[in-house]
Amino acid sequence: MGVLYDYFHATDHTTAVRQAIGPDDDRPGGTSLRETGADRFDVKSLDPNVVLAQLVTYAEGVNSTDQQDQPELVWPDLPYPKGEPTDPDSPWNAGIILQQLPDRWRDILADLPEEAVPMVAAQWYEIEEVDFADYLAVKDSVDMFTALARRARMAGAHVYCCCCV
């Protein structure tokens, strides 16, 4: 079983939580970002903290993988308990994490020129965590990320990632 990542944009944390988690911080049965009408796409295994951060590094044109900024945890909006969560109703047991990507990342991806996408995709394809079937699938993912980033910026919105285990 893989981990699914939904990338979407929303104007603020409240809207993002309502769309990804549900209106009462309790994901309604059967409701998904697709059903809420969010501008989104889903991918497997492209986590924001490592894999997307590497894409941003390549898009920015820097050699360092040491990102100064990282995604911000939005939900659950309480600290992770020491040890394993023992409360069965703990949001940490829901298997869902919602993060906001740094606006700087959104802007770097939105500003990536079309002619640079093939080279960035080729670099990204070489990292261990990107295990797509082929280069074209990687390029398509870069295109999806850049397009979402552009739409988010045009809407004055932030980019979020909802991780479902």
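The values are calculated or read from the model by the stated rules, or taken from the named source; none is laboratory data. As the structure is a prediction and not an experimental result, all values here were calculated from the model. Please note: Cβ atoms are built from the backbone with ideal geometry, for glycine as well, and neighbour counts cover all protein chains shown. Calculation scope for accessible area: heavy atoms of the full protein, side chains included, ligands and nucleic acids excluded. Shrake-Rupley method; radii C 1.70, N 1.55, O 1.52, S 1.80 Å.
Using beta carbons and a limit of 7 Å, which pairs, at least six apart or on different chains, have the first residue in the range 133-151 and surrounded by fewer than 18 Cβ atoms within 10 Å (Cβ to Cβ) and the second one among the acidic types (Asp, Glu)?
Correct list of pairs: 151/39.
Go through the range 114-132 and give me each residue that's more than 15 Å from residue 51 (Cβ to Cβ) and either touching a strand residue (DSSP E or B) at 6+ places or on another chain (Cβ under 9 Å) or open to solvent by less than 60 Å² (accessible area, probe 1.4 Å) (or both).
116, 117, 118, 122
Would you confirm, using the coordinates I've provided, whether residue 42 is under 17 Å from residue 16 (Cβ atoms), touching a residue at least 24 places away in the same chain (Cβ under 8 Å), of a type outside the set (A, V, I, L, M, F, W, C) and touching an Asp or Glu at 6+ places or on another chain (Cβ under 8 Å)?
yes
For the range 27-42, give me each residue that is farther than 21 Å from residue 76 by Cα and either at pLDDT 85 or above or exposed (fewer than 12 other Cβ atoms within 10 Å of the Cβ) (or both).
Passing the criteria: 35, 37, 41.
Can you tell which of 50, 62 is open to solvent by 50 Å² or more (accessible area, probe 1.4 Å), at pLDDT 90 or above and either of a type in the set (A, V, I, L, M, F, W, C) or assigned to a strand (DSSP E or B) (or both)?
None of the other options fit; the residue is 50.
For the range 83-99, what are the residues that are in contact (Cβ under 8 Å) with a residue 40 or more places away in the chain and surrounded by fewer than 20 Cβ atoms within 10 Å (Cβ to Cβ)?
Passing the criteria: 91, 94, 95, 96.
Go through the range 124-158 and give me each residue that's of a type in the set (Ser, Thr, Tyr) and within 14 Å of the chain's Cα centre (by Cα).
Matches in the range 124-158: 141, 146.
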